[in-house]
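**Student:** Attaching a single structure in structure tokens format; questions to follow.
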Amino acid sequence: MKPIQVGLLGIGTVGSGVFHVLARNQQEIRRRAGRGIEIATVADLNVERAREIVGSDIQVVADARAVIADPAIDIVVELIGGYGIAKQLVLEAIAAGKHVVTANKALLAVHGTEIFAAAQAKGVIVAFEAAVAGGIPIIKALREGLTANRIQWIAGIINGTTNFILSEMRSKGLDFDVVLKEAQRLGYAEADPTFDIEGVDAAHKATIMSAIAFGIPVQFDKAYVEGITKLSAQDIRYAEQLGYRIKLLGITKRVDKGVELRVHPSLVPSKRLIANVEGAMNAVVVQADAVGTTLYYGKGAGSEPTASAVIADLVDITRLATADPEHRVPHLAFQHDALSDLQVLPMGEVVTSYYLRLRVADQAGVLAKVTGLLAEADISIDAVLQREADDVGGEGSTQTDLIILTHDCQEARMDAAIAKMQALPTVLAPITRIRKEELN
Ligand SMILES: NC(=O)C1=CN([C@@H]2O[C@H](COP(=O)(O)OP(=O)(O)OC[C@H]3O[C@@H](n4cnc5c(N)ncnc54)[C@H](O)[C@@H]3O)[C@@H](O)[C@H]2O)C=CC1
Ligand SMILES: N[C@@H](CC=O)C(=O)O
Ligand code: NA
């Protein structure tokens, strides 16, 4: 049978990985897919660089629309990124009856509902394994492997750049900016790295996982998003002394009133496997009723690891392209007419435990006042650590750090208690609050 014809839009970090891995493993891939998979045309604005990568046997063009318009192309692979031209191209490819593979989590988290509806109407597949945790087959696991289960929660390290930064800051004492530059050099960071460090990229991925886990539409606008830019090396050290590591987690959880969807730095007990995921590696923990806890670990970014997921989608589509569209795996795991309207809860309603660091005057009664305010708010304390006082100069001007770990309480109650503690004259600097997840 004639090889399935692929049009590749964008041949940067991921696109070049797709080209190289497809070329290297072409026999093995053909044996698995039952048919050859051939890149027929590449579109990239940088035609010269694209030609250097693919050589003279493959057609290279600057205009991605020419690829979509080519009737010989069966599958369009979008590896440009962003919500602008990429959205138009994906919708145009669907309208032209092409199957689409994309690694673009930003696009799917924000415009997924429109894109999946268009694909459903046209009877084509939009595959996106590379969009969440790169090379880890987490979409496949959630959508197919765990399909018997009622999923309770998912917590993941799903941004390699921030995990790399936190790991290097903790283990080598390096500065944030130095490590970020290195992550960019290694091809982990997004074109705009603020998406990584402000938690937006992780929130895109958590949004997609949330939809697949709970059968709800993709709702990035409802996600709570907090990045790592305000974390200090000091908090990383204190957390360690208390038996925790700080990780940027993407969390989505089914609770009585709806679904939690949040990304923020979290203290995680050091003994958990996920706390020991270092460098640019990703890991996702899934808690489900029948299977229990499962953990998925691997490279979530980089050229060939991400290409591995893109090509897995190409193989899936090659196998499924001829199947009756009604019997394909649904885009979001649940049948498109069976999505539920479970609400994503506002952050104030989320229940979790907390790490608090207060810079306080070293005076009698300070600890009692702070703990008194927490008791008044019905927030129970799990542990307290008080550092030896620092003399910051001037008479009576010793200060100290007071670190408090709490048990679970509602975020809105914690916000109110923090506001009261902050107003105490003996609390000398903005209070640091980091959420804590036991993940058991
Ligand atoms: N780099 C990584 O490790 C991962 C990236 N992704 C996603 O994969 C996608 C691609 O990322 P990268 O390969 O890292 O980006 P990149 O910036 O390395 O490559 C993008 C390519 O698209 C080309 N391009 C830009 N506008 C174009 C247009 N209008 N027409 C044709 N070509 C155009 C650029 O010249 C460039 O070669 C993004 O959605 C990204 O979020 C997903 C997982 C991991
Ligand atoms: N910028 C992302 C790339 C993969 O999605 C990351 O750092 O994980
Ligand atoms: Na993946």
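The values are calculated or read from the model by the stated rules, or taken from the named source; none is laboratory data. All figures in this text were calculated on a predicted structure; none of them were measured in a lab. Backbone-built Cβ (ideal geometry, glycine too); neighbour counts: all protein chains shown. Areas reflect the complete protein model, heavy atoms only, side chains present, ligands, DNA and RNA absent. Shrake-Rupley method; radii C 1.70, N 1.55, O 1.52, S 1.80 Å.
**Student:** Checking the table Lys98/Lys257; Lys98/Lys230; Lys205/Lys257; Lys105/Lys181 against a 32 Å threshold on Cα-Cα, which pairs fail?
**Tutor:** Numbers: Lys98/Lys257 40 Å; Lys98/Lys230 44 Å; Lys205/Lys257 23 Å; Lys105/Lys181 22 Å.
The answer is Lys98/Lys257; Lys98/Lys230.
**Student:** Moving on. What shape does the chain take by its C-alpha gyration tensor, where a ≥ b ≥ c are the square roots of the eigenvalues and a/c under 1.5 counts as rounded, a/b above b/c as prolate, and the rest as oblate? Don't skip to the answer; put the middle values down first.
**Tutor:** Working: a/c = 2.69, a/b = 1.95, b/c = 1.38.
Prolate.
**Student:** Rounded, prolate or oblate: which fits the stretch 138-299 when a ≥ b ≥ c are the square roots of the eigenvalues of the alpha-carbon gyration tensor, with rounded for a/c under 1.5 and prolate only if a/b beats b/c?
**Tutor:** Numbers: a/c = 1.86, a/b = 1.55, b/c = 1.20.
Verdict is prolate for the stretch 138-299.
**Student:** Gap in Å between the Cα centre of the stretch 288-325 and the Cα centre of the stretch 338-364?
**Tutor:** For the stretch 338-364 versus the stretch 288-325, the Cα centre distance is 33 Å.
**Student:** Next question, about the same structure. What's the extension gain from Ala148 to Asp192 if we count 0.36 nm per residue and subtract their Cα-Cα distance? Please report the intermediate quantities before stating the final value.
**Tutor:** Details: separation 44, 0.36 × 44 = 15.84 nm, distance 3.83 nm.
Gain on extension, Ala148 to Asp192, equals 12.0 nm.
**Student:** What is the sum of charges, Lys and Arg at +1 and Asp and Glu at -1, for the other residues whose Cβ falls under 10 Å from the Cβ of Ala189? All intermediate terms of the calculation are to be shown ahead of the outcome.
**Tutor:** Values: positive: Lys181, Arg185; negative: Glu182, Glu190, Asp192, Asp196, Asp201.
Net charge around Ala189: -3.
**Student:** What order, most packed first, do the peptides 409-421, 118-130 have when packing is the mean number of other Cβ atoms within 10 Å of each residue?
**Tutor:** Working: 409-421: 17.6, 118-130: 21.1.
Going by the mean number of other Cβ atoms within 10 Å, highest first, we get 118-130, 409-421.
**Student:** Follow-up. What does the net charge come to around Met1 if you take all other residues with beta carbon closer than 15 Å to its beta carbon, with K and R at +1 and D and E at -1? Kindly include the intermediate steps, with their values, before the conclusion.
**Tutor:** Working: positive: Lys2, Arg30, Arg31, Arg32, Arg35, Arg319; negative: Glu38, Asp74.
Computed value for this residue: +4.
**Student:** Quick check on packing: order 53-61, 216-224 by the mean number of other C-beta atoms within 10 Å, highest mean leading. Present the calculation step by step, with values, prior to reporting the outcome.
**Tutor:** On the way: 53-61: 14.7, 216-224: 19.9.
The most tightly packed comes first, giving 216-224, 53-61.
**Student:** Going highest first, how would you order 245-256, 331-342, 186-197 by mean Cβ packing within 10 Å?
**Tutor:** On the way: 245-256: 22.2, 331-342: 14.7, 186-197: 19.2.
Output ranking for 245-256, 331-342, 186-197: 245-256, 186-197, 331-342.
**Student:** Would you work out if the stretch 46-174 is rounded, prolate or oblate? Take a ≥ b ≥ c from the square roots of the eigenvalues of the alpha-carbon gyration tensor; rounded if a/c is under 1.5, else prolate when a/b is larger than b/c, oblate otherwise.
**Tutor:** On the way: a/c = 2.34, a/b = 1.28, b/c = 1.82.
Oblate is the answer for the stretch 46-174, as a/c is 1.5 or above yet b/c matches or exceeds a/b.
**Student:** Next up: When the helix-only estimate is applied to the chain (DSSP H runs of n ≥ 4, each -39,500 (n - 2.57), divided by the residue count), what is the mean residue ellipticity at 222 nm, nearest 500 deg cm²/dmol? Walk me through the intermediate numbers first.
**Tutor:** Details: 14 runs with 155 residues, N = 440.
It comes out at -10500 deg cm²/dmol, rounded to the nearest 500.
**Student:** A further question follows. Full-extension gain between Arg413 and Asn46, please, as 0.36 nm times their residue separation minus the C-alpha to C-alpha distance.
**Tutor:** Values: separation 367, 0.36 × 367 = 132.12 nm, distance 5.32 nm.
Gain on extension, Arg413 to Asn46, equals 126.8 nm.
**Student:** In what sequence, largest accessible area first, do Val14, Val110 appear using a 1.4 Å probe?
**Tutor:** Values: Val14 35, Val110 60 Å².
The ordering from most to least exposed comes out as Val110, Val14.
**Student:** Using the Cβ atoms and a cut-off under 13 Å, what net charge is assigned to the surroundings of Lys172, where Lys and Arg are +1 and Asp and Glu are -1? Please list the in-between numbers first.
**Tutor:** Numbers: positive: Arg170; negative: Glu168, Asp175, Glu182, Glu278.
Summing Lys/Arg as +1 and Asp/Glu as -1 gives -3.
**Student:** Quick one: which residues, 5+ away or cross-chain, put their amide H under 5 Å from the amide H of Tyr244? H built at 1.01 Å from N.
**Tutor:** Those lying under 5 Å, H to H, from Tyr244 are Ser270.
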